[in-house]
Each structure stands twice: as structure tokens, then as C-alpha cells.
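Written below as C-alpha cells is the structure these notes are about.
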Amino acid sequence: MPETSPALALATALVALVLLLVPGWLVLQLVRVRGLLALALAPACSTAVLACGAILAQLVGVRWSVLVVAVSTLIALVVALVVRRSTTAGPDSPRTSRADSLLLGVGVLLAAVPTLAAMPSIDAYLQRWDAVFHLAALRLVDETGSASTLTLGALSYGDGRASIYPAGWHALGSLLPGSPTAALAIGATVTAALPWVLGCGVLAAELARTSARPFLGSGVVGLAGVLAGLVTASPMSLWTGWGHVPNAAALAMLPAALALGLRLLRDPTGRPVGVVALLVTLLGMALAHPNAVLATAVLVLPACLGASVRALRSPASAHRRVRRVIAPGLATVAAIGVLLVFLMTPLAATVTGYTSGQVDSVGNAVVEVVTGEYRLWPSATGIVVGVLAIVGGGIALVQKRRLPTVMLLVAWVLYVDAATGGPLKISGLWYTSPARLSVVVSAVAVPLAAGALVATAARWRARLGTVAVSAAAAVLVIAIAFPSFSGRTQRTSNVFDSEPGHPPQFVTTGELEMIAGLPGKLDGAVLGSPFSGAASAYGLVGLPATFPVAGQVWSGEQQLVMDHLGALESGDVRVEVCEAIERLQIRYLYQDAQPYQVDNRYAPLDRLEPVGARLVAEADTARVLELELESCRR
């Protein structure tokens, strides 16, 4: 596992930025979506282009590569040209000043730099269950040449059957240079930080609008970007703290999708183009992680219902009222339809079957969400943003703009349900996970908090002057930056720590060095718990592992071997077990005295003492044994 140099790390980041922005931005430019809105939507649209290209490549038998990306982009541009010829204009984009643009750039740096700076190195190993899966998925794409959503789920089945798994992020991540861990870290950072900050900026502008003019004037876009970079309940914390890399990328696209959806409901200008752009955006989000689309549907549903009611109550003829209600009515049906369709799919059962590990009382959950102490890395910064969001919601109500407050309340209810174990059964589509729903709440809270700050600044500017108000705002931002940096850097250091004695860990520093040398020593597959370094060895160096990920559905051969582990200790291995071992190409046993997690299904592997086994390598609490299978050869 060669180390990634600073120059290569920079190149990896640039490649990730190009893949994330360029295909989608070019498509949006062709259909006349401009400005900051196009830039914020570009990541989701690019993901749609890449993921659809990967599916097409798999269907026609072409290996996934940068060339396929180029062809896919060209096809998407041809389609966009057809759309352009049949339309005249796109939806409006928020007006931004140079200061807004600068602050958005600062926000991206605030989101990304603390995490990257806290990592021991760009090649550091993230000690999280989901990170092991996504490293293995990148390895599978490299081995099979397929980054298709139709096939990536094979990783979860011991018999390797093709299965659906959203592969939008993996299609991008698999094309990045550098070590597997560097590709994961840089790819996750770029996809979680950039869309999030830009999206919060455009959503803040949209939530601040009135029917006549943009509410609050300039400044809200840039300030929302800064707060998005500082808040700890964000996609960056989700991928770092929990290893939910594709989910973090998808939720980072949520604010921009919400902004476009609200714009189309309020203003018919550019609606045909906007609808196409929204559909592509939602497709990209779904192919990264479907629950971001579900969050979009739930949060935009109140706006759809409200627009429908206003159209029906409008002082016009019955014919004109019917015409006005068509668009919001269709949007309402679509939002509800998305939720119902997902609930009816087999995938819903696997998602809603999860339960929260820590269940709070309703009172504690309400306090958490109202004060901004969300489950995802709570901090003083989150408290400030949470309180300001309430102020922003109050200002919106005073100005007879109910939608922002209603959206915040909807997000709160989802969070409380998840934090209390899902008694209402409405947070199950997000794995009943307060951590994931923390980001959904932040997607609404951050723009509202920015609106509250700008409104307060506007009120005090006349009394104190622009300089004093600007200085006060700068002091506040700096004050909340310190707890944000401190919390994120400390927690990031913990989850990337590979020194022995800091459990839970999949691998230690010595173990990583041992794994790097295994490909030259081993000529077969390794049998070992997926909570040991055996699974990590597959993702890191491509060493064949019987169980490359946790939660895998065992094949018949795997079940047979696991049911007869005792035979390896006695040396009396039955013929059918020998045949299963041969088909699985098992030659070695990977053991760890201190696995990441104790799982009764796999725990016997770490206690096994095979007769005649020979020590091949060991480091810290782990060792690799060559199995003596003489009885299978007779």
C-alpha cells in the first residue's frame, strides 16, 4: 500500500472535483440553468450521468473507466440539447455578490479542512464498519470492471449474485488515483463538503424570498455557506463519524434539490426546464443513496400542499383555478408517490428493519432537536445554529412565511421519532437513525439561522453602523468556529486512530503493515471474521476474503464450512466440507484476539486452533495461519 504523496493527493482532489462538477454543470448550462443554482445542482446531475453511464457500460459489457464517463457525458449533452430546443428559459438563480462567492469558498474550506487536518495521514484507515464495506466496494469495481447499481450489491451475497445497490458514489470514487484509503477520504470529503455548502446557500436564498422580492437582500447566501461549513451535524461528520460515505454525499445534495423544488412551485418561469433538472437531480441522489430523495419528498410536501390550497382558493374562475392547481397537484402526487413506491419495494424492508442503538425519552429527544444538540457530534456550534434557526422560523412567521417553519417542524418530528426508537414508524426510511436525520434537520436549520443573522444585522445596522454590525458578526462566527474545529478534529483523530489500545478498531498500525505484505506470501483466500483485518485486507490490497463485509448473506458453501469448523481442529474434515473449502479457495485463517465487534456467528474463527496450522504472519493482536488441509488432499 504505497503512501499517497501531497502532489498525488492534490491531483486526486482535482479529479474528484472535475467528475463531481463538470458533467452536470455542462448539462445544466445547455438547458439554461445558470449561476449558483447550476453549480449547486451540478454534483447531483453529475452523479446521475456517471451512475447511468456505469449501468449502460455493464449492460453492454464495457469496463468502467474515464472514457466511459466521457461518452456518458456526451450522450447527456445530446439529450440536453434536445431539451434546449423545446424550451425557452430556465429557473431563476439567486443573485450573489462577490462577498457571497468568497464566503461560500470559505464555507467549503471550513467544512473540509478540519477533518483532513485531523487525519494522521491521507492514507489513514477509518475504523468504521461502513468504511470497510465501501473500501471493499471500490475493490470490487476494480476487479470486475463494473460500477453498476445493478451489480454492486453482489458484495452482500456469499454466492456473488448480482444485486441492486446504489453505486453513484462508488462510480466516482473508483476512478480516483492514490491508495484505496486516500481515494475514500478525498472522494468522501469533496462529495460531502462542496454540494452541502453550495446547496445551503441557494436554499437560504429561496427560503428568504417573498412573492415580491428576495427577503433580507444580499448576504444570506454567503452566511449560510459559512454556517454550513461550521455546523457539526453535517455530511462531513456523517461520513467521518459513521463511515456512511454515499449517504453523506446524497444528503449533501439535499438543500439544492429543495431549493429548486420550492422555486418551481412558486414561479412558473422556466418550469419545463426546471422540472427536467429536478428529475435528473433526484435521479443522481437516488443512485447515490435513496433516502436523500425521500427527505426531499417529505420536506417539500408541505409546500406542494400549500400551493395546491392557494391555487384552489385563488379569486379566479373555476377553469383558471384548475389550471393553477395542476402543477402543485402533480408535485403533491409525485412526492407522496415517491414515498409509497419506496415503501412497497423489498429494499424498504431491509432499511426499516434497523433500530436505533441508543433510545431516548421523548423529552430528551425534543430537547436535543430544539437546542441543536443533535446526535451527530453535538457541539456549541450546533446549539447556536439550532437556536438561530428557531429565531429565523419566528421571523418567517411574523412575515407570514409559514413554509420555512413548517419544514423545520417536519424535520424535527422525523428526528424525534428516530431518537425515541421509531414509535411513529416514520423515521424507518432513514434507518431510524438520529445521526442521518441530524443532517436533514441541519439542511433546514442552517439556512434559517443565516436568515436570522442577516435580519438581525439589518435591524441593528441603522443604529450601530455597518462596521460595528459586521465586526459583531465576525466575532460570532469566530466564536462558534472554535468549538466546531475542536469537536471535529478530536473526534476525527479518534475514528482514524490505528495505534494499539484504542478500541474499537478493525486494524492497528502493525496490522496494516502486515496486511501490506500479505499478497506476496499468500496464494489463496483467507477465512476470517469481517470484524477482523481479513475484510480490510480485501479492500486494501485485494486479498481474497471469504467474508469481505459484515452482514453478508452466506452461501451454501460458506454455511457448510462455518458449521464444521471443529473439523479443522481435529483434522477429520468431511468430503463435502473439503469440496466447499476448495470451491471457496480457502487456504488461510485470519484471527484477531481483539476484533472490532464480537459477533456470535464469526467469533469461533478467532478462537479456532486448527491442527497442523503454520504461522505465516502476525502483528499486535492479529495473526495469519496457513491451514493444514492434508486430509482434503487424500
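Looking at the range 277-296, which of its residues are in contact (Cβ under 8 Å) with a residue 24 or more places away in the chain and surrounded by fewer than 21 Cβ atoms within 10 Å (Cβ to Cβ)? Before you say what the answer is, go through the steps one by one.
We begin by selecting, within the range 277-296, every residue in contact (Cβ under 8 Å) with a residue 24 or more places away in the chain; these are 277, 280-296.
Across the range 277-296, the qualifying residue is only Leu283.
Could you tell me which residue of the range 488-523 is farthest from Ser379 (Cα to Cα), considering only residues that are among the aliphatic types (A, V, I, L, M) and assigned to a helix (DSSP H, G or I)? Full working, then the answer.
Just the residues of the range 488-523 that are among the aliphatic types (A, V, I, L, M), to begin with: 495, 507, 512, 514-516, 518, 522.
So of that shortlist, the ones also assigned to a helix (DSSP H, G or I) come out as 495, 512, 514-516, 518.
Details: Val495: 17, Leu512: 33, Met514: 38, Ile515: 37, Ala516: 38, Leu518: 42 Å.
So, considering only residues that are among the aliphatic types (A, V, I, L, M) and assigned to a helix (DSSP H, G or I), the one farthest from Ser379 (Cα to Cα) is Leu518.
From (1) part of a loop (DSSP other than H, G, I, E, B); (2) surrounded by 24 or more Cβ atoms within 10 Å (Cβ to Cβ); (3) not aliphatic (A, V, I, L, M), pick out the condition that doesn't hold for Pro195.
It fails just one condition, (1).
Would you be able to say whether some residue in the range 475-486 is touching a residue at least 40 places away in the same chain (Cβ under 8 Å), hydroxyl-bearing (Ser, Thr, Tyr) and at positive phi?
Looking for residues that are touching a residue at least 40 places away in the same chain (Cβ under 8 Å), hydroxyl-bearing (Ser, Thr, Tyr) and at positive phi, one finds none in the range 475-486, hence no.
Can we say Ser101 is out of contact with any helix residue (DSSP H, G or I) (no Cβ under 6 Å at 6 or more places or on another chain), in the same structural domain as Glu206 (by TED's automatic domain parsing) and in contact (Cβ under 8 Å) with a residue 40 or more places away in the chain?
Numbers: out of contact with any helix residue (DSSP H, G or I) (no Cβ under 6 Å at 6 or more places or on another chain): yes; in the same structural domain as Glu206 (by TED's automatic domain parsing): yes; in contact (Cβ under 8 Å) with a residue 40 or more places away in the chain: yes.
Spelling it out, Ser101 is indeed out of contact with any helix residue (DSSP H, G or I) (no Cβ under 6 Å at 6 or more places or on another chain), in the same structural domain as Glu206 (by TED's automatic domain parsing) and in contact (Cβ under 8 Å) with a residue 40 or more places away in the chain.
Kindly provide the set of residues from the range 105-118 that are touching a Ser or Thr at 6+ places or on another chain (Cβ under 9 Å) and buried (at least 22 other Cβ atoms within 10 Å of the Cβ), ordered by number.
Within the range 105-118, the first condition is being touching a Ser or Thr at 6+ places or on another chain (Cβ under 9 Å), and the residues that meet it are 110-112, 114-118.
Within the range 105-118, Leu110, Ala111, Pro114, Thr115 qualify.
Only one of Ala131, Ala167, Ala147 is touching a His at 6+ places or on another chain (Cβ under 8 Å), within 30 Å of Gly556 (Cβ to Cβ) and surrounded by 24 or more Cβ atoms within 10 Å (Cβ to Cβ); which? Can you show your working first?
On the way: Ala131 fails: touching a His at 6+ places or on another chain (Cβ under 8 Å); Ala167 fails: touching a His at 6+ places or on another chain (Cβ under 8 Å).
Of Ala131, Ala167, Ala147, the one residue that is touching a His at 6+ places or on another chain (Cβ under 8 Å), within 30 Å of Gly556 (Cβ to Cβ) and surrounded by 24 or more Cβ atoms within 10 Å (Cβ to Cβ) is Ala147.
All but one of (1) part of a helix (DSSP H, G or I); (2) more than 18 Å from the chain's Cα centre (by Cα) hold for Gly160, so report the exception by its number.
Unmet for Gly160, out of (1) part of a helix (DSSP H, G or I); (2) more than 18 Å from the chain's Cα centre (by Cα): (1).
Can you find a residue in the range 458-476 that is part of a loop (DSSP other than H, G, I, E, B) and under 21 Å from the mean Cα position of the chain (by Cα)?
The answer is no; no qualifying residue exists.
If a residue must be more than 30 Å from His502 (Cβ to Cβ), part of a strand (DSSP E or B) and basic (Lys, Arg), how many such residues does the range 579-634 contain?
2
Condition test on Val598, is it touching a His at 6+ places or on another chain (Cβ under 8 Å), of a type in the set (A, V, I, L, M, F, W, C) and not assigned by TED's automatic domain parsing to the domain that holds Gly158? Quick ask: steps written out before the conclusion?
On the way: touching a His at 6+ places or on another chain (Cβ under 8 Å): no; of a type in the set (A, V, I, L, M, F, W, C): yes; not assigned by TED's automatic domain parsing to the domain that holds Gly158: yes.
No, not satisfied.
Restricted to the range 9-59, and to residues that are of a type in the set (Gly, Ala, Ser), farther than 22 Å from His170 by Cβ and within 21 Å of the chain's Cα centre (by Cα), which residue is surrounded by the most Cβ atoms within 10 Å (Cβ to Cβ)? Full working, then the answer.
Residues of the range 9-59 that are of a type in the set (Gly, Ala, Ser), as a first pass: 9, 11, 13, 16, 24, 35, 38, 40, 42, 44, 46, 48, 51, 53-54, 57.
Retained after the next criterion (residues that are farther than 22 Å from His170 by Cβ): 35, 38, 40.
From what is left, the residues that are within 21 Å of the chain's Cα centre (by Cα) are 38, 40.
Numbers: Ala38: 25, Ala40: 30.
The residue in question is Ala40.
Check whether at least one residue in the range 174-186 is touching a residue at least 60 places away in the same chain (Cβ under 8 Å), surrounded by 19 or more Cβ atoms within 10 Å (Cβ to Cβ) and touching a His at 6+ places or on another chain (Cβ under 9 Å), and report yes or no.
Here is the first cut: in the range 174-186, the ones touching a residue at least 60 places away in the same chain (Cβ under 8 Å) are 174-186.
The next check asks that each one be surrounded by 19 or more Cβ atoms within 10 Å (Cβ to Cβ); those that pass are 174-176, 178-186.
When the remaining residues are screened for being touching a His at 6+ places or on another chain (Cβ under 9 Å), the result is 184.
Within the range 174-186, one or more residues are touching a residue at least 60 places away in the same chain (Cβ under 8 Å), surrounded by 19 or more Cβ atoms within 10 Å (Cβ to Cβ) and touching a His at 6+ places or on another chain (Cβ under 9 Å).
Which residue is nearest to Leu258 (Cα to Cα), if the candidates are limited to the range 194-220 and must be modelled with pLDDT of 95 or more and among the β-branched types (Val, Ile, Thr)?
Val202
Identify, by number, the condition in (1) within 18 Å of the chain's Cα centre (by Cα); (2) part of a helix (DSSP H, G or I) that Arg139 doesn't meet.
Checking Arg139 against (1) within 18 Å of the chain's Cα centre (by Cα); (2) part of a helix (DSSP H, G or I), the one that fails is (1).
Do you know which residues across the range 529-555 are under 16 Å from Leu155 (Cα atoms) and outside any loop (DSSP other than H, G, I, E, B)?
Residues of the range 529-555 under 16 Å from Leu155 (Cα atoms): 529-531, 534-540, 542-555.
If the condition is that a residue be under 16 Å from Leu155 (Cα atoms) and outside any loop (DSSP other than H, G, I, E, B), then Ala534, Ala535, Ser536, Ala537, Tyr538, Gly539, Leu540, Ala545, Val553 are the ones that fit.
Say whether the condition of being closer than 22 Å to Leu126 by Cβ, touching a helix residue (DSSP H, G or I) at 6+ places or on another chain (Cβ under 9 Å), of a type in the set (Gly, Ala, Ser) and in a helix (DSSP H, G or I) is met by at least one residue in the range 268-275. Explain how you work it out, then say what you get.
Start the filter on the range 268-275 by keeping residues that are closer than 22 Å to Leu126 by Cβ, which leaves none.
No, that holds for no residue.
Any idea how many residues of the range 284-315 are outside any helix (DSSP H, G or I) and either touching a Lys or Arg at 6+ places or on another chain (Cβ under 8 Å) or over 16 Å from Phe342 (Cα atoms) (or both)? Step through it out loud before you land on a result.
Let us first name the residues in the range 284-315 that are outside any helix (DSSP H, G or I), namely 289-290, 314-315.
Okay, now just the ones that are also either touching a Lys or Arg at 6+ places or on another chain (Cβ under 8 Å) or over 16 Å from Phe342 (Cα atoms) (or both), so 314-315.
Matching residues across the range 284-315 total 2.
Report, ordered by the first and then the second residue, all pairs with beta carbons closer than 9 Å, sequence separation of six or more or different chains, a first member in the range 124-144 that is in contact (Cβ under 8 Å) with a residue 12 or more places away in the chain, and a second member that is of a type in the set (Asp, Glu).
Ala124/Asp497; Gln127/Asp497
List every residue pair whose Cβ atoms lie under 9 Å apart, where the two residues are 6 or more positions apart in sequence or sit on different chains, the first residue falls within the range 222-239 and is assigned by TED's automatic domain parsing to the domain that holds Arg375 and farther than 18 Å from Pro483 by Cα, and the second residue, located anywhere, is of a type in the set (A, V, I, L, M) and part of a loop (DSSP other than H, G, I, E, B).
Between residues of the range 222-239 that are assigned by TED's automatic domain parsing to the domain that holds Arg375 and farther than 18 Å from Pro483 by Cα and residues that are of a type in the set (A, V, I, L, M) and part of a loop (DSSP other than H, G, I, E, B), the close pairs are Trp239/Leu126.
The values are calculated or read from the model by the stated rules, or taken from the named source; none is laboratory data. Everything numeric in this text was worked out from a predicted model, so none of it was measured. Here the Cβ is made from the backbone with ideal geometry for all residues, glycine too, and neighbour counts use every protein chain on show.
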